[in-house]
Amino acid sequence: MVTTVASRVESLSSSGIHTIPKEYIRPQEELTSIGDVFEEEKNIAGPQVPTIDLRDINSEDKQVRENCHQELNKAATDWGVMHLVNHGISFDLIDRVREAGKAFFELPIEEKEKHANDQASGKIQGYGSKLANNASGQLEWEDYFFHLVYPEDKRDLSIWPKTPSDYTEATSEYARQLRSLATKILSVLSIGLGLDEGRLEKEVGGIEELLLQMKINYYPKCPQPELALGVEAHTDVSALTFILHNMVPGLQLFYKGKWVTAKCVPNSIIMHIGDTIEILSNGKYKSILHRGLVNKEKVRISWAVFCEPPKEKIILKPLPETVSETEPPLFPPRTFSQHIEHKLFRKSQDALLSKEG
């Protein structure tokens, strides 16, 4: 069954409602931690998501290069998330990607519906909204567009938006450049584990098999933002995730027992370490719990690109070099597909338990 227009969050938001439907209201234990995101972003007390300058990532000067690598590794070890600046992707291209995504979501809903996905039949690429996949039946305050953007020979361009006309070209070029950036990051993370620089890239599928999936998240204005979440708390299953946004705050990280709101850093790309790298590194690099807040004043849009290993071809487990008598393996061997299933199963079990409780 294709999701109907009436169930789009954008339709709800623009319908003039003052209270949100009950299926969007978070459980009581979560509500105590949801504040005003604009106030939260102004808070300069307490920990801040690190900003890593990549200008010297390939410097000829060994010491300068190593200092850059150390900063990145420290952020990956301590936080598992960071703002990347001087990442080498032009601001002009980033603006084109943002303009193209924004223009798609500004189309009439009927136009966007022509790109609708159909999760029930396994057609996950396209325009969609969250379907309840856990026992609590809760929904998130977002619509999205999801599609594979790299490698180019694995794309299905028939589902890509034709309007705006720059969408395919801008998104394709951005994916190509992100893929190169991913190689550089994986190289630094490999060296940080004492491995050959190409090792992690090889372990997640290499140039042929590592998939880049883009999800444009569209968070409409919400009349009761203190009751809802744009995206509920989760860790990313990917190897790495790269995120652009339209400079409206919303991302929160669960760091040392508290929710920390990420600042909006101009010209940066946010990068998350995903579960895949956490597993391969035996927990040295962190896959941090994070969520998205919404607000009643501004639409927030984010462009997340998930770098994912192939679903069945690789067994994910801590690399032998990361394991010792004092540091036994923290994760059992699983394919990427099994890891996703395990997370979904645990989530539905947790939801059942909280209902019974």
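The values are calculated or read from the model by the stated rules, or taken from the named source; none is laboratory data. These numbers come from a predicted model, not from an experiment. Quick reminder, even Gly has a Cβ in these numbers, built from the backbone with ideal geometry, and neighbours come from all protein chains shown.
Considering the range 69-78, the residues that are crowded, with 21+ Cβ neighbours inside 10 Å and in contact (Cβ under 8 Å) with a residue 60 or more places away in the chain include one that is nearest to LYS256 (Cα to Cα), namely ALA76. Which residues, counting only those in the range 50-68, are assigned to a helix (DSSP H, G or I) and under 15 Å from HIS87 (Cα atoms)? The answer is ARG65, CYS68.
Take ALA351 and decide whether it is modelled with pLDDT under 95 and either within 19 Å of GLU203 (Cβ to Cβ) or buried (at least 16 other Cβ atoms within 10 Å of the Cβ) (or both). Considered against the rule, which asks whether it is modelled with pLDDT under 95 and either within 19 Å of GLU203 (Cβ to Cβ) or buried (at least 16 other Cβ atoms within 10 Å of the Cβ) (or both), ALA351 comes out as yes. Under the condition of being crowded, with 20+ Cβ neighbours inside 10 Å and more than 22 Å from ASN246 (Cα to Cα), the residues counted in the range 43-65 number 1.
Here PHE38 fulfils each of the conditions (1) modelled with pLDDT under 95; (2) outside any loop (DSSP other than H, G, I, E, B) apart from (1). Entry remark, the range 302-334: residues being buried (at least 16 other Cβ atoms within 10 Å of the Cβ) and either modelled with pLDDT under 95 or within 21 Å of TYR150 (Cβ to Cβ) (or both) number 11 in total. In this structure, LEU244 does satisfy being out of contact with any Gly (no Cβ under 8 Å at 6 or more places or on another chain), crowded, with 16+ Cβ neighbours inside 10 Å and under 30 Å from SER14 (Cα atoms). Before we move on, is LYS184 charged (D, E, K, R), assigned to a helix (DSSP H, G or I), crowded, with 20+ Cβ neighbours inside 10 Å and more than 16 Å from the chain's Cα centre (by Cα)? No. Looking at ILE243, is it among the hydrophobic types (A, V, I, L, M, F, W, C), in contact (Cβ under 8 Å) with a residue 24 or more places away in the chain and either in contact with a strand residue (DSSP E or B) (Cβ under 8 Å, 6 or more places away or on another chain) or over 30 Å from LEU330 (Cα atoms) (or both)? For ILE243, the condition - among the hydrophobic types (A, V, I, L, M, F, W, C), in contact (Cβ under 8 Å) with a residue 24 or more places away in the chain and either in contact with a strand residue (DSSP E or B) (Cβ under 8 Å, 6 or more places away or on another chain) or over 30 Å from LEU330 (Cα atoms) (or both) - is met. Checked against the criterion of being without any contact (Cβ under 8 Å) to a residue 40 or more places away in the chain and either among the acidic types (Asp, Glu) or surrounded by 13 or more Cβ atoms within 10 Å (Cβ to Cβ) (or both), the candidates GLU140, GLU197 yield just one match: GLU197. Taking the conditions (1) farther than 17 Å from THR241 by Cα; (2) touching a strand residue (DSSP E or B) at 6+ places or on another chain (Cβ under 6 Å) in turn, CYS68 satisfies each one other than (2).
When THR326, THR235 are checked against the criterion of being in contact (Cβ under 8 Å) with a residue 12 or more places away in the chain and of a type outside the set (A, V, I, L, M, F, W, C), THR235 stands alone in meeting it.
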